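Before any comments, here is the structure.
Bear in mind that the values in this text are calculations on the coordinates, not laboratory data. These numbers come from a predicted model, not from an experiment. A quick note on method: Cβ atoms are made from the backbone with ideal geometry, for glycine too, and the neighbour counts reach across all protein chains shown.
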Number of protein chains: 2
Amino acid sequence: MAADAATATFRQRLAETARDVQALLDELLPSPETAQAPRLARAMRHAALNGGKRIRPFFVREAARLFGEDSALDARALRAGAALECLHCYSLVHDDLPAMDDDNLRRGQPTVHVAFDEATAILAGDALQALAFGILTDAATHPRAGVRAQLVAMLAHASGEAGMVGGQMRDLQAEQQRIDNEHEIVAIQRLKTGALFDFALRAGGVLAEADEDDLARLGAYAQAVGLAFQIADDILDVEATAEELGKTPGKDAAAGKATFVDLLGLDGARTKAAELVEQARDALSSYGDRADVLRAAARFIIDRRG
Amino acid sequence: MAADAATATFRQRLAETARDVQALLDELLPSPETAQAPRLARAMRHAALNGGKRIRPFFVREAARLFGEDSALDARALRAGAALECLHCYSLVHDDLPAMDDDNLRRGQPTVHVAFDEATAILAGDALQALAFGILTDAATHPRAGVRAQLVAMLAHASGEAGMVGGQMRDLQAEQQRIDNEHEIVAIQRLKTGALFDFALRAGGVLAEADEDDLARLGAYAQAVGLAFQIADDILDVEATAEELGKTPGKDAAAGKATFVDLLGLDGARTKAAELVEQARDALSSYGDRADVLRAAARFIIDRRG
């Protein structure tokens, strides 16, 4: 596929996934009409149905697609992607809390603790985490219980102390201690953002019952793309407007967070991100043009404006 | 078994489980020496290794034991119990937060947000929830992936919007709206406390691959015992000293929470709890003296002083 065609296909598939994830989450989230706790259900929906690019579910689907165009497999990947999105959205709700990053705006909307209250936001995050694991273990996600159990184990690891939450803890500490060495910033990013990217790509492979070599390639792609994504975020935090971001720009710098832009300068950060995109693209070389859309995705990561 | 002998065996097994759960959690929790985020690991250990009766893990083990004295089964039940305890402890950490019940003392120790800080407490709770699901899906919990996936599905349901977290949300709303009808208070308790008791008993049955009738009996026992437990808590909140409780007594009344003591009076609450204990004991009648220890446990629930 020519690069332009791959980019067009990528954009179309990303938009499709955003629409499909939204529809599936609408179905899987508790409805305020029938929920045990309607206020909680509303807060969960506010957190999870607020748009967003849905890049993680897109990665689950595209990784699965490397191993075959199969509508049953694609439907399973979409479910795993929806579960991952619940997990990701819970982390945003908790990160936005006053005791954490204290953010009022997320994707152009008031954050959950602003639209509801702090207690409701804490509980909505907690319930979204439980829902993520519940979705993964439903038989609709994969007919083999072994695959479902493996996905749960992978997500528990990627999102816990040795993954996302551990990364968030170290990020908060780095802010207080004004840590600014590249090694630590990269390590924090690997945990905080990288672990869920890694889950997304590998989950697609696991659903397709791919072998260990495939999973290692997907992991290498995820690691490079995850880091490029974070660097691009830091660049956007300096360059973009609030309207483009849907959140307050310049907050990281104001909070004393050492960003990749601080470490490498704007040009250095751009160069580093471009190198990582090449690494990500190379990791998938053995899949030939089946991986064109994932290669275009890597490029998009650093070209986006919001 | 005579009632006195059953009570003695119950006390011995409860103490054994408390010791065994403590040792297993010590092994399963991240160690500050090797953790990705040492501060987070310390906070998780503070939350999960602070003693406690470990009544939920005791129920998992005893329910499994109804179906056979088998050391492999018992070890699996202990692991499921440890997972459940991680889940329960995360909920205590979040419930104690300033935005929720704002408690400084838990089992005679400073709560996590007091010993550390709010952000760390939020993250420690989040990581404990992920760890609970991680423990359940480890092959050591059951060799059959179908059993592990079923336990994850049950725990996700019991702890999410339609269970524990939904109950906590409604409890907070009841407090603000000064709701005091028995139907609502019972419904809240079923979600907030009952759902995890239900998981505990049924998990023991699922690990032993018991049939649906057995699971229904375990569920009936759990429902009665869970409600008796909450009534006993309300009685203790009025009667016990801070030293006995290891937390501040009288807080529920001060917070405007309608308790069973408010609804039924002290004597009425005691009568109701005693009736529930009889219901719980009756639910297990088909197991004969194999259920003596669980019957003694039901009695203990309403006789305890802390």
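Worth a mention:
- Listed residues A:LEU218, A:GLN150, A:VAL293: farthest to the positive end of the dipole of the stretch A:3-303 (Cβ charges): A:GLN150
- Pairwise Cα distances in the stretch B:1-157 exceed 23 Å in 40 percent of cases.
- Diffusion coefficient, µm² s⁻¹, Stokes-Einstein with Kirkwood Rh over alpha-carbon pairs of the protein assembly as shown at 37 °C and 0.692 mPa s: 131
- Long-range tail of P(r) for the stretch B:18-74 (Cα pairs > 18 Å, %): 45
- When the alpha carbon gyration tensor of the stretch B:98-203 is reduced to an equivalent ellipsoid, its three semi-axes come out at 27, 22, 10 angstrom, largest first.
- Amide H within-cut-off set for B:LEU105, under 5 Å, with H built and near neighbours excluded: B:THR111, B:THR248
- Nearest-0.05 FRET efficiency for B:ALA115 and B:ASP282, computed from C-beta distance (R0 56 Å): 0.80
- An ellipsoid equivalent to chain A, defined through the eigenvalues of its Cα gyration tensor, has semi-axes of 27, 26, 17 Å when rounded to whole angstrom and sorted largest first.
- With K and R counted +1 and D and E -1, the other residues having a Cβ less than 12 Å from that of A:LEU263 yield a net charge of -3.
- When +1 charges are put on Lys and Arg Cβ atoms and -1 charges on Asp and Glu Cβ atoms, the dipole computed for the stretch A:3-303 relative to its Cα centre reaches about 600 debye.
- Position B:VAL114, label points 7 Å along Cα→Cβ, spacing to each other copy in nm (shortest first, one decimal): 3.3
- Extension gain for the segment A:ALA274 to A:ASP26, taken as residue separation times 0.36 nm less the Cα-Cα distance, is 85.7 nm to one decimal.
- Local net charge near A:PRO143, Cβ-Cβ under 14 Å (Lys/Arg +1, Asp/Glu -1): +1
- Shortest-first nm distances, A:GLN177 label point to equivalent points in other copies (7 Å, Cα→Cβ): 4.7
- Listed residue pairs exceeding 30 Å between alpha carbons, taken from A:LYS53/A:LYS257; A:LYS192/B:LYS257; A:LYS192/A:LYS272: A:LYS192/B:LYS257
- Distances, shortest first, from the label point of A:ALA139 to those at the same position in the other copies read 2.5 nm; the point lies 7 Å along Cα to C-beta.
- Residue-count net charge about B:GLY52 - beta-carbon cut-off 11 Å; Lys, Arg +1, Asp, Glu -1: +4
- GluC sites (Glu not before Pro) restricted to DSSP loop in the stretch B:1-68 with at most 11 other C-beta within 10 Å: B:GLU33
- For chain A, the relative contact order comes to 20 percent (Cα pairs under 8 Å, sequence separation of at least 6).
- Rounded to the nearest 20 debye, the dipole magnitude of the stretch B:12-61 is 260 debye, with +1 charges on Lys and Arg beta carbons, -1 on Asp and Glu beta carbons, and the Cα centre as origin.
- Gaussian network model of chain A, Cα within-10 Å springs - most flexible of A:SER286, A:SER31, A:SER159: A:SER286
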